[in-house]
Amino acid sequence: MCWTAKSFIRGLSYSVKYCSKDNHLQKIHLYSKLKPKKCHILDWSGSTCNSTVPPGSILPWRFFSCKQEGTEIPCKIKKIASITTPELLYKDLLKSEQKNWNEISGRYKAMAKRIKKKIEELHKKYTFSSESPRIKVGESVYFEENGCIFLSKADDVDEGNVRILFSAEDLGFDDAFIQRIRISPDQRYMATSLKSENSEEATCVVMKLGDFPVVEKVIPNVFSFEWVSNDVLYYTSQKNLKCQDVFMTTFTKQKHTELVYTEQDARFFVDIYCTKDRRFLTINSNSKTTSEVWLVDCRHPFKSPVLVQARTKGVIYHIEHRNDELYILTTYGEPAEYKTEQKQKNNFCPACCVCAEPLLAPKLTFSKLWKGRLERHQLMKAPVSSSGMENWQLVYALEEKTKLVDLEMFSDHCILFLQNAGHLYLNVISFVSHSVQSIKLPAWACAFELESHPEHTTSTCYFQLTSPVHPPKRFAYSFKENNLIEQAVQEVPIITNCHTTRLLAKSKDETLVPITVFHNTNSKELHRKPLLVHVYGAYGMDLNMSFKEEKLLLIEEGWILAYCHVRGGGELGHSWHKDGCQHNKLKGLDDLKACIILLHELGFSQPKYTALAAASAGGVLAGALCNSNPELIRAMVLQAPFIDVLNTMMKTHLPLTIEEQEEWGNPLADEKCMKYIKSYCPYHNIKPQCYPSVFITAYENDQRIPLTGVLRYVQKLRKAALDHAGRTKKKGNWIPNIILDIQANGSHCDSSWEDSLNEVARQLAFLKKELEDV
């Protein structure tokens with residue numbers, strides 16, 4: 001996963017996982033030798049191949065805090081007392097929870113088995129094509145299957161005339177999957193990264209192609225890599241979840257490797273990608289709020305990188321190239337008075353404010369750029385030779401609360417994938433006719449999944465639309481015909497029994513919060529149906545709205561699914577994230593509460609049939625609601641949850657704590673911040689009361705959320721629930737189930753298909769027991 005417009009746009013507020021422009025390269029699910037691995041993403045690049053992951057299911061490398069244990073740094077501010085967990089106590093807690101799981105797991109086994117079988121049946125039914133994408137480079141086609149990479153001529157690929165170039169198993173990477181592929185421009189070399197399910201570090205294997213491909217070089221701990229020329233490869237090294245060094249390695253007669261760039265600021269993460277036309281390699285140094293880009297000329301790969309624009313606090317930008325001009329996607333905008341003047345003079349498209357004629361706005365002066373800056377997405381341009389901010393010209397500006405989901409640059413066009421009021425749009429900018437065409441997409445669509453477009457001059461843009469309960473449908477936009485075509489696949493059954501509803505809940509401060517609701521059209525008495533509420537609300541990231549077989553299964557069984565797009569996420573743009581981070585984090589909690597109350601008021605279930613689901617950083621808001629308003633839900637399911645914000649942010653020696661300060665604040669430097677975090681931190685606000693039942697899935701090998709903190713949380717929560725039950729002693733008093741399912745395999749971002757399937761089956765079995773047996 002690399003820095004792409006996809007993750008740049010989806011995570012502008014934290015600026016990098018990923019979230020990241022993989023240069024318009026497709027991210028897809030891989031297929032193991034038996035079945036697809038749910039969490040694995042293949043990043044192809046034939047010429048220049050997400051988090052999502054097809055987009056939407058991406059779990060980038062730094063969307064969530066790392067919570068590793070270690071010695072605490074002394075601090076002048078008095079720290080919150082916490083339970084210390086020496087190694088011996090940790091082992092005792094681990095054994096205790098494993099024993100507890102072994103004793104109670106039997107009650108879910110039969111139901112989990114039935115659920116697993118149903119999910120597998122749905123997967124077979126709706127997986128219309130199990131073949132990997134084919135990447136055309138010149139007259140050659142490269143594709144991956146079962147951990148192998150194959151090559152075929154474009155005319156022979158369907159005839160079976162292929163030859164194998166690479167086998168992960170033959171090279172000794174038995175437990176690894178292929179994550180990314182890069183082919184050198186002349187196709188003499190191929191670089192491939194392999195990653196195991198239990199580690200976040202990848203290994204890059206460089207092959208010299210030919211009649212008998214051979215391994216040329218093996219590079220450990222690599223995050224991103226790109227061919228700058230036929231025999232020059234740039235790559236970033238990853239250490240302790242951080243990337244700060246860029247290296248260049250050559251495959252000429254005199255092979256050598258040298259350090260090209262080093263980032264000194266611990267808040268910044270470095271990655272690289274090539275522009276769509278392969279004219280430049282960009283070195284991207286990003287914190288969550290600020291970015292800086294350096295260019296390497298692919299025609300002169302040994303020349304020093306050139307700075308585009310020095311980092312300016314709060315300004316995030318991403319670079320593309322076309323016709324000796326840089327196109328700059330940024331949160332930096334023009335002054336409000338300038339926008340008003342332009343609106344009075346021009347007509348604008350529905351989901352944006354972009355001039356119909358002329359397309360390009362007048363040049364802004366440096367002083368005007370600084371004055372009255374708006375924090376919304378802008379597309380700007382500047383000459384390559386004069387790329388500083390003072391030369392940026394406005395090309396396109398989004399309306400407030402319109403989300404730029406993705407961007408694709410072509411030789412004569414630029415396609416913007418937009419989200420406005422929950423609906424998806426395409427805006428196609430023509431650089432030839434200076435026109436913009438806006439196309440509203442089907443109402444059921446909730447997420448885009450871009451396909452690979454290795455050829456910069458292609459005349460068609462392919463993409464897929466999906467939702468949690470709608471399998472991906474393929475669409476094509478033709479630049480020649482200026483129209484959208486649905487690519488029908490007869491084998492895929494059409495979902496007709498699901499209704500999509502979009503609601504707005506009024507939060508505590510009267511902010512309107514979007515909710516997307518799915519339910520079976522045949523369901524009656526919705527107030528008696530189980531409701532599963534989803535929340536995330538962090539890092540400017542959207543909720544995952546890509547297709548999941550288990551979500552469709554719940555719909556078919558009469559459940560209601562609700563996705564609460566609370567502040568802190570990125571669904572309504574950059575400002576939506578800012579309104580829910582640091583000292584505004586409680587707004588996200590207010591939003592979640594308002595959403596659940598509205599759902600119940602409108603007749604979508606009721607508290608005793610309602611469950612809450614969250615993963616990783618989404619555990620903060622879910623855990624906070626569990627403490628503040630436990631009466632709203634009956635059960636909660638958490639996966640690798642972040643539930644101890646305060647103790648984590650007090651430990652600056654952890655690899656990601658410093659950069660996480662832009663999301664959560666710095667409790668070491670600010671006592672008010674420390675008190676604020678303590679006011680909502682799930683771990684610190686546990687108290688004796690009637691809690692909902694809780695099911696947590698955690699991983700022994702999780703480098704971002706180590707097991708120790710989760711063990712402490714479960715022990716404290718269980719004790720509080722039992723204390724409350726003991727004090728009240730009412731007849732028929734309900735004692736919640738507090739369950740921790742510890743996985744020996746898998747990690748924060750990756751699990752095998754089989755492991756993921758088993759996890760989901762156990763979680764759904766728990767929810768069915770809790771809600772359907774009420």
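The values are calculated or read from the model by the stated rules, or taken from the named source; none is laboratory data. Just so you know, these numbers come straight off a predicted model, no measurement behind them. In this analysis, Cβ positions are derived from the backbone assuming ideal geometry, glycine residues included, and neighbour counts consider all displayed protein chains. Each accessible area value is taken on the protein alone, full model and side chains, heavy atoms only, with ligands, DNA and RNA left out. Shrake-Rupley method; radii C 1.70, N 1.55, O 1.52, S 1.80 Å.
When residues in region 741-774 are screened for being farther than 21 Å from residue 197 by Cα and either modelled with pLDDT under 80 or not small (Gly, Ala, Ser) (or both), 10 of them pass. Return yes when residue 700 is surrounded by fewer than 21 Cβ atoms within 10 Å (Cβ to Cβ) and of a type in the set (Asp, Glu) and no when it is not. In short, yes.
Looking at residue 742, is it touching a helix residue (DSSP H, G or I) at 6+ places or on another chain (Cβ under 9 Å) and assigned to a strand (DSSP E or B)?
yes
The sole residue among 508, 548, 473 that is surrounded by 14 or more Cβ atoms within 10 Å (Cβ to Cβ) and out of contact with any strand residue (DSSP E or B) (no Cβ under 8 Å at 6 or more places or on another chain) is 548. Any chance region 723-730 includes a residue that's over 29 Å from residue 176 (Cα atoms), in a helix (DSSP H, G or I), modelled with pLDDT of 90 or more and among the basic types (Lys, Arg)? Checked against the condition, which is being over 29 Å from residue 176 (Cα atoms), in a helix (DSSP H, G or I), modelled with pLDDT of 90 or more and among the basic types (Lys, Arg), region 723-730 yields no hits at all.
Residue pairs whose Cβ atoms lie under 7 Å apart, separated by 6 or more positions or on different chains, with the first residue in region 159-174 and among the basic types (Lys, Arg) and the second modelled with pLDDT of 85 or more, are 163/150; 163/151. Among all residues of region 289-309, there is at least one that is charged (D, E, K, R), at pLDDT 95 or above and within 23 Å of residue 242 (Cβ to Cβ). Restricting 476, 445 to residues that are in contact with a Ser or Thr (Cβ under 7 Å, 6 or more places away or on another chain) and either under 22 Å from residue 278 (Cα atoms) or not in a strand (DSSP E or B) (or both) narrows the list to 445.
Restricting region 160-181 to residues that are of a type in the set (Gly, Ala, Ser) and not in a strand (DSSP E or B), the residue that is modelled with the highest pLDDT is 168. Take the conditions (1) surrounded by fewer than 20 Cβ atoms within 10 Å (Cβ to Cβ); (2) touching a Gly at 6+ places or on another chain (Cβ under 9 Å); residue 135 misses just one of them, which is (1). For region 703-719, the candidate set comprises residues that are of a type in the set (Lys, Arg) and over 15 Å from residue 627 (Cα atoms); within that set, the residue that is surrounded by the fewest Cβ atoms within 10 Å (Cβ to Cβ) is 712. As a summary of the residue check, residue 210 satisfies the conditions (1) at pLDDT below 90; (2) open to solvent by 60 Å² or more (accessible area, probe 1.4 Å) except for the one numbered (2).
Residues that are surrounded by fewer than 18 Cβ atoms within 10 Å (Cβ to Cβ) and within 24 Å of residue 636 (Cβ to Cβ) within region 493-505 comprise just one, 501. Can you say whether residue 705 is in the same structural domain as residue 607 (by the TED database), aliphatic (A, V, I, L, M) and under 20 Å from the mean Cα position of the chain (by Cα), as far as the supplied structure shows? It is true that residue 705 is in the same structural domain as residue 607 (by the TED database), aliphatic (A, V, I, L, M) and under 20 Å from the mean Cα position of the chain (by Cα).
If you filter region 513-545 down to residues that are open to solvent by less than 30 Å² (accessible area, probe 1.4 Å) and of a type in the set (Val, Ile, Thr), you find that the one that is nearest to the chain's Cα centre (by Cα) is 535.
Could we say that residue 116 is loosely packed, with under 13 Cβ neighbours inside 10 Å and part of a helix (DSSP H, G or I) here? For residue 116, the condition - loosely packed, with under 13 Cβ neighbours inside 10 Å and part of a helix (DSSP H, G or I) - is not met.
The requirement of being within 27 Å of residue 305 (Cα to Cα), in contact with a strand residue (DSSP E or B) (Cβ under 9 Å, 6 or more places away or on another chain), at pLDDT below 50 and buried (at least 16 other Cβ atoms within 10 Å of the Cβ) is not satisfied by residue 407.
Please enumerate the residues belonging to region 669-714 that are in a loop (DSSP other than H, G, I, E, B) and within 24 Å of residue 540 (Cβ to Cβ).
669, 670, 681, 682, 702, 703, 704, 705, listed by residue number.
Within region 569-589, residues that are aromatic (Phe, Trp, Tyr) have Cβ atoms under 8 Å from residues that are open to solvent by 10 Å² or more (accessible area, probe 1.4 Å) in these pairs: 576/401, counting only partners at least 6 apart in sequence or on another chain. Can you work out which of the residues in region 276-289 that are within 30 Å of residue 665 (Cβ to Cβ) and open to solvent by less than 10 Å² (accessible area, probe 1.4 Å) is nearest to the chain's Cα centre (by Cα)? Restricting to residues being within 30 Å of residue 665 (Cβ to Cβ) and open to solvent by less than 10 Å² (accessible area, probe 1.4 Å), the top hit is 288. For region 298-330, the set of residues classified as part of a strand (DSSP E or B), of a type in the set (D, E, K, R) and under 17 Å from residue 272 (Cα atoms) consists of 320 only.
With the requirement that a residue be assigned to a strand (DSSP E or B) and either farther than 24 Å from residue 575 by Cα or assigned by the TED database to the domain that holds residue 659 (or both), what does region 264-288 give you? 270, 271, 272, 273, 274, 280, 281, 282, 283, listed by residue number.
The rows are residues; the columns are (1) small (Gly, Ala, Ser); (2) within 22 Å of residue 565 (Cα to Cα); (3) open to solvent by 10 Å² or more (accessible area, probe 1.4 Å); (4) at pLDDT 90 or above.
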| residue | (1), (2), (3), (4) |
| --- | --- |
| 401 | no, yes, yes, no |
| 415 | no, no, no, yes |
| 424 | no, yes, no, yes |
| 429 | no, no, no, yes |
| 439 | no, no, yes, yes |
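Here residue 669 does not fit the description of being within 27 Å of residue 265 (Cβ to Cβ), of a type in the set (A, V, I, L, M) and crowded, with 24+ Cβ neighbours inside 10 Å.
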